[in-house]
1. List pairs: first in the range 169-193 and under 9 Å from Cys152 (Cα atoms), second of a type in the set (S, T, N, Q) and assigned to a loop (DSSP other than H, G, I, E, B), Cβ under 6 Å, 6+ apart or cross-chain?
2. When residues of the range 92-103 are filtered for being more than 13 Å from the chain's Cα centre (by Cα), crowded, with 19+ Cβ neighbours inside 10 Å and among the hydrophobic types (A, V, I, L, M, F, W, C), how many remain?
3. If you check every pair at least six apart or on different chains, which have Cβ atoms under 8 Å apart with a residue in the range 201-220 that is farther than 10 Å from Leu180 by Cα first and a residue that is surrounded by 10 or more Cβ atoms within 10 Å (Cβ to Cβ) and acidic (Asp, Glu) second?
4. Specify which of the listed residues (Met222, Met176) is at pLDDT below 95 and either over 30 Å from Leu70 (Cα atoms) or not in a loop (DSSP other than H, G, I, E, B) (or both).
5. Pick from Ile126, Ile147, Ile139: which is in contact with an Asp or Glu (Cβ under 6 Å, 6 or more places away or on another chain) and buried (at least 16 other Cβ atoms within 10 Å of the Cβ)?
6. Tally the residues that are within 16 Å of Gln42 (Cβ to Cβ) and part of a loop (DSSP other than H, G, I, E, B), restricting the search to the range 55-107.
7. Based on what the data block shows, is Thr43 in contact with a Gly (Cβ under 9 Å, 6 or more places away or on another chain), assigned to a helix (DSSP H, G or I) and either without any contact (Cβ under 8 Å) to a residue 60 or more places away in the chain or under 21 Å from Ser144 (Cβ atoms) (or both)?
8. May I ask you to list the residues in the range 150-165 that are crowded, with 19+ Cβ neighbours inside 10 Å and either closer than 21 Å to Ser114 by Cβ or free of Cβ contacts under 8 Å to residues at least 40 places away in the same chain (or both)?
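The values are calculated or read from the model by the stated rules, or taken from the named source; none is laboratory data. Since the model is a prediction, treat every value here as computed from it, not as a measurement. Counting neighbours? That spans all protein chains shown, and the Cβs are built from the backbone with ideal geometry, glycine included.
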Amino acid sequence: MSDEIKNIEKPITGGEFIIRDVSCDEIFTPEEWTEEHLMMKQTTMDFINSRVTPNLDAIDAQEEGLMSQLLEEAGELGLLCSSIPESLGGMGMDFKTSMIITEGTGGGHSFAVSYSAHTGIATLPILYYGNDKQKNKYIPGLASGKIKGAYCLTEPSSGSDANSAKSRAVLTDDGMHYNLNGQKMWITNAGFADIFIVFAKIDDDENLSAFILEKEYEGITM
């Protein structure tokens, strides 16, 4: 097999190879991992085996400060920022690297849930849709683990039917801020998060909008 790594213009999506004709050249396999891929896989497995697995009982008992500490340690190893651009404090690696890390953390039981909430739904909304000021303020901290994130969508009366949410955002009279009112529940990382991606409807909008809230903001209760 050639040592050259193939650059696929349209990568296979999920199990798409089952329902359409696919050339072997379109499939990325472990045999094609680069030294960088292998290094990140080993780093991930070493972290899970040495720091997460020995602490599973303490994690499930919700030992105060432990999950936050583990996320910071993962950040020091670059496990929170593989796909974040270098300009924002990340490593700028490819999507395959992110998947290799995610696969490795999958064996981390409850840690895997906290990890995926932080690196995925708490970080990517800002990375993909935030303005430059928001990205520069929050992404470097999320990438390093110094800032922990949570994603707040589910409410007592709505979950998968997200647009049934009752949380509302009303623009202040001076047009400078929004006042948010509502209740969220079952929010992963909420107990120690520094920022929250909170969904609410502006006035009578049919669809939700996302807001970035810091834990120090007035009016937030747990």
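1. Listed by first residue and then by second, the contacts come to Met185/Thr154; Trp186/Thr154.
2. 2
3. Glu214/Asp194; Lys215/Asp194
4. That would be Met176, the only listed residue that is at pLDDT below 95 and either over 30 Å from Leu70 (Cα atoms) or not in a loop (DSSP other than H, G, I, E, B) (or both).
5. Values: Ile126 fails: in contact with an Asp or Glu (Cβ under 6 Å, 6 or more places away or on another chain); Ile139 fails: in contact with an Asp or Glu (Cβ under 6 Å, 6 or more places away or on another chain).
Within the list Ile126, Ile147, Ile139, the selection yields Ile147.
6. Matching residues across the range 55-107 total 6.
7. yes
8. The initial filter retains those residues of the range 150-165 that are crowded, with 19+ Cβ neighbours inside 10 Å, namely 150-153, 155, 165.
Within the range 150-165, Ala150, Tyr151, Cys152, Leu153, Glu155 qualify.
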